[in-house]
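Asks: Before I ask anything, let me first share the structure, which is written out below as structure tokens.
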Ligand code: CP
């Protein structure tokens, strides 16, 4: 079957309780590229504003024919609750400070492209010998958490870098293959790949940061990158705050993979949607043909 028709007329609901540009648009384009019908429910223009719960919103979307829900929520674990209450496949488009799995998968695709490894031939330890630094607001970052779970499974060494306020010592408990390095220049010298993160002002909740000191110690700027990581791939999940964690020279420079990461969002999310809806279809078929 043509890829454009694989999910023809299947109904996909995008339920977004937080703002998003990349994730929402690429999930929507991915669903449409497969022929699915999409609808967007955002917390600011729906009955969620009137106090309707996540559970009731999910039940309502299911009653309207949704077969899969893509959820972004400020609450960690919300996708599991929604999947349990609706029985539908729920794709996590970012939940609180917990996870952003589709972002980690598109980041992995970007890394594999940089290394010249075909995504269809990924070996168990495809990233053995590769060191990646994630620098910035690790504490509040679901992107950091999902990448720190995924990349070491393929053999990568992950260095987490940032000040103690944004990277507590307990982050080493994230798993094997993870180390903390406070000196960004030292981390850069050991890395083939660098992932910058913005400071998540919306989740700081009283944490005080001296921004001038932060920039001087942790900003990816042209001088620092040229001196310590002149051949490294520079990544950022976005949104970027130019002049804070990264300068325009670096974000728009030849080492930057930021646009490629965004581009990779569509094929990755197409694959996730196909998988979720095909699994859903086979479960429904089994139930239909099951014991009478
Ligand atoms: N990377 C990411 O999640 O971006 P958005 O918040 O724009 O979706």
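Values in this text are rule-based calculations from the coordinates and carry no lab data. Everything numeric here is computed off the predicted structure, so don't read it as measured data. Glycine also receives a Cβ, built like all others from the backbone with ideal geometry; neighbour counts cover every protein chain displayed.
Asks: Under the definition of Cα pairs under 8 Å and six or more residues apart, what whole-number percent is the relative contact order of region 101-256?
Replies: Relative CO of region 101-256 lands at 22 percent.
Asks: Now for a different question. What's the center-to-center distance, using Cα atoms, between region 7-66 and region 147-226 in Å?
Replies: Using only Cα atoms to place each centre, the spacing works out to 33 Å.
Asks: Right, something else. Note down the relative contact order for the chain as a percent, whole number, built from C-alpha pairs under 8 angstrom at least six residues apart.
Replies: 17
Asks: Find the all-direction average of the projected area of the Cα convex hull for region 9-69, expressing the result in square nanometres with one decimal place.
Replies: Reported value for the Cα convex hull: 3.9 nm².
Asks: Which percentage, to the nearest 5, of the DSSP beta bridges contained in the chain is antiparallel?
Replies: In the chain, approximately 5 percent of DSSP beta bridges are antiparallel ones.
Asks: Further question: Work out Dmax and Rg for region 110-239 from the C-alpha atoms and quote the Rg first, both in angstrom.
Replies: Gyration radius and largest Cα-Cα distance of region 110-239: 14.5, 46 Å.
Asks: What shape does the chain have by the C-alpha gyration tensor, where a ≥ b ≥ c are the square roots of the eigenvalues, rounded means a/c under 1.5, and otherwise prolate means a/b greater than b/c and oblate the rest?
Replies: Prolate, because a/c is 1.5 or more and a/b exceeds b/c.
Asks: Ranking request for peptides 35-47, 71-83, 198-210: highest mean number of other beta-carbon atoms within 10 Å first, then the rest in descending order.
Replies: Top of the packing list down: 71-83, 35-47, 198-210.
Asks: Give the relative contact order (percent, whole number) for region 1-126; include only Cα pairs under 8 Å separated by 6+ residues.
Replies: 22
Asks: Return one number: the angle in degrees, 0 to 90 and rounded to the nearest 10, between the long axis of the Cα atoms of helix 258-289 and the longest principal axis of the Cα atoms of the chain.
Replies: 30
Asks: By its C-alpha gyration tensor, with a ≥ b ≥ c as the square roots of the eigenvalues, how is region 88-139 shaped: rounded for a/c under 1.5, else prolate for a/b larger than b/c, else oblate?
Replies: oblate
Asks: Please label the shape of region 65-165 as rounded, prolate or oblate, based on the square roots a ≥ b ≥ c of the eigenvalues of the alpha-carbon gyration tensor (a/c under 1.5 means rounded; beyond that, a/b larger than b/c means prolate, else oblate).
Replies: In terms of gyration-tensor shape, oblate.
Asks: So how tilted is helix 22-33 from the main axis of the chain? Cα-based, degrees 0 to 90, rounded to 10.
Replies: It works out to around 40 degrees.
Asks: Next question. How large is the helix-only mean residue ellipticity at 222 nm for the chain, computed as the sum of -39500 (n - 2.57) over DSSP H runs with n ≥ 4, divided by its residue count, in deg cm²/dmol to the nearest 500?
Replies: -11500 deg cm²/dmol
Asks: Could you work out how far helix 101-115 tilts from the main Cα principal axis of the chain, as a 0 to 90 degree angle to the nearest 10?
Replies: Taking the Cα atoms of the chain, the angle to 101-115 is about 50 degrees.
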